[in-house]
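Okay, structure first, notes after.
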Amino acid sequence: MKEVTKEVYLKWYEDMLLWRKFEDKLAALYIQQKVRGFLHLYNGQEAVLAGALHAMDLTKDKMITAYRNHVQPIGMGVDPRNVMAELLGKATGTSKGMGGSMHIFSKEHGFYGGHGIVGAQIPVGAGIAFADKYFNTGGVTMTYFGDGAARQGSLHEAFNMAMLWKLPVVFIVENNGYAMGTSVERTANHTDIWKLGLGYEMPCGPVDGMNPVKVAEAMHEAIERARRGDGPTFLEMKTYRYRGHSMSDAQLYRSKEEVEEYKKIDPITQVLDVILDQKYATAEEIEVIDQRVKDLVEECAKFAEESPYPDLQQLYDVVYAQEDYPFTPHKL
């Protein structure tokens, strides 16, 4: 695995802080009704993404996930201004304002969504991996889903085919404990979700999803296995979300004390502690990073709010792909 150096820790800190503050800003904009529909935030789960990106090869690896999907494309290289614009339904968004919160997408950067149907991305991720194997690209697909989606039948079908064909895919369940609000203990007679892989003789195991180093180590092993042609791995990232399932979630299923207890192992705090303990940066240098993140988030919000809404004509332009369609000319 690539060494976890001083530079890596500083990048992790700045990236995870950006993702956290970016979504905090989205929460504020949602309350102002500038972000409409649903809004599912990633606060607390940032180490799962930071560790994975360290192990990935972004020139050919891909990622697909569910609808808690705002910060992943940023990590993959998408301009955060365009991500925020998409959430505000603006024409400068990643899907020209037509996708919104649950459907961020960037083929250019290898990010394939943003899927609103629970568990739908699991077989789709296997399908992307099939394409990589078929065309011999050397790429590996990271297929993420939540603990609630782990109960979907599509998971079992995808696991079976992925093992049968030795597809270059890593399946990752981000177990934040509650799905939409029902604890893992109430959804099955077992709480170790990773053991579902045993039924397919798929390499599998649990990972500390609050620690980017542990995530990077597990992801590196899984990605290298897939790249060698040895097939998929199933990892259970044990993580936690500080906010509700979505902004409309009253969170009556857990106590504030529980949330505060998990904040003691916050991934951003863990990384910052290492930086300060190892003297990778001074307090003043950390303040510079903090200000840079704050300025970027404000720039994203300004860009998104000042961007125009899409024209009505765009509704037809993105539907009809046939150039000689007799009613509406295709312009995109």
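Observations on the structure shown:
Every residue, every condition in (1) aromatic (Phe, Trp, Tyr); (2) in contact (Cβ under 8 Å) with a residue 60 or more places away in the chain; (3) under 22 Å from Gly148 (Cβ atoms), yes or no:
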{"position": "Leu164", "(1), (2), (3)": "no, no, no"}
{"position": "Leu167", "(1), (2), (3)": "no, yes, no"}
{"position": "Val170", "(1), (2), (3)": "no, yes, yes"}
{"position": "Asn175", "(1), (2), (3)": "no, yes, yes"}
{"position": "Arg186", "(1), (2), (3)": "no, no, yes"}
{"position": "Pro206", "(1), (2), (3)": "no, no, yes"}
{"position": "Val213", "(1), (2), (3)": "no, yes, no"}
{"position": "Gly231", "(1), (2), (3)": "no, yes, no"}
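- Test: residue in the range 5-15 that is touching a residue at least 24 places away in the same chain (Cβ under 8 Å) and under 14 Å from the mean Cα position of the chain (by Cα): yes
- Number of residues in the range 126-162 that are assigned to a strand (DSSP E or B) and touching a Pro at 6+ places or on another chain (Cβ under 8 Å): the value is 1.
- Among the residues listed as Ser246, Ser307, the single one being within 23 Å of the chain's Cα centre (by Cα) and small (Gly, Ala, Ser): Ser246
- Residue check, Asp57 more than 14 Å from the chain's Cα centre (by Cα), surrounded by fewer than 20 Cβ atoms within 10 Å (Cβ to Cβ) and under 30 Å from Lys263 (Cα atoms): no
- Boolean, Pro326 is in a loop (DSSP other than H, G, I, E, B), modelled with pLDDT of 95 or more and open to solvent by 60 Å² or more (accessible area, probe 1.4 Å): no
- Members of the range 1-16 found to be open to solvent by 20 Å² or more (accessible area, probe 1.4 Å) and assigned to a helix (DSSP H, G or I), listed by number: Lys6, Glu7, Val8, Tyr9, Leu10, Lys11, Glu14, Asp15
- Residue in the range 163-182 that is of a type outside the set (Asp, Glu), surrounded by fewer than 18 Cβ atoms within 10 Å (Cβ to Cβ), at pLDDT below 95 and assigned to a helix (DSSP H, G or I) present: no
- Every pair of residues 6+ apart whose Cβ atoms lie under 8 Å, when the first sits in the range 233-259 and is open to solvent by 50 Å² or more (accessible area, probe 1.4 Å) while the second is assigned to a strand (DSSP E or B): Lys238/Asn175; Lys238/Pro206; Lys238/Val207; Lys238/Asp208
- Of the candidates Met237, Met247, the single residue that is part of a loop (DSSP other than H, G, I, E, B) and on the phi < 0 side of the Ramachandran plot is Met247.
- Tabulated pairs, the range 107-119, first at positive phi and in a loop (DSSP other than H, G, I, E, B), second open to solvent by less than 60 Å² (accessible area, probe 1.4 Å) and small (Gly, Ala, Ser), C-beta under 7 angstrom, 6+ apart or interchain: Gly114/Gly99; Gly119/Ala149; Gly119/Ser154
The values are calculated or read from the model by the stated rules, or taken from the named source; none is laboratory data. What you see is a predicted model; the values in this text were computed from it and never measured. Neighbour counts are summed over all protein chains in view; Cβ atoms, including those assigned to glycine, are modelled from backbone coordinates with ideal geometry. In case anyone asks, the SASA skips ligands and DNA or RNA and just uses the protein heavy atoms, side chains included. Shrake-Rupley method; radii C 1.70, N 1.55, O 1.52, S 1.80 Å.
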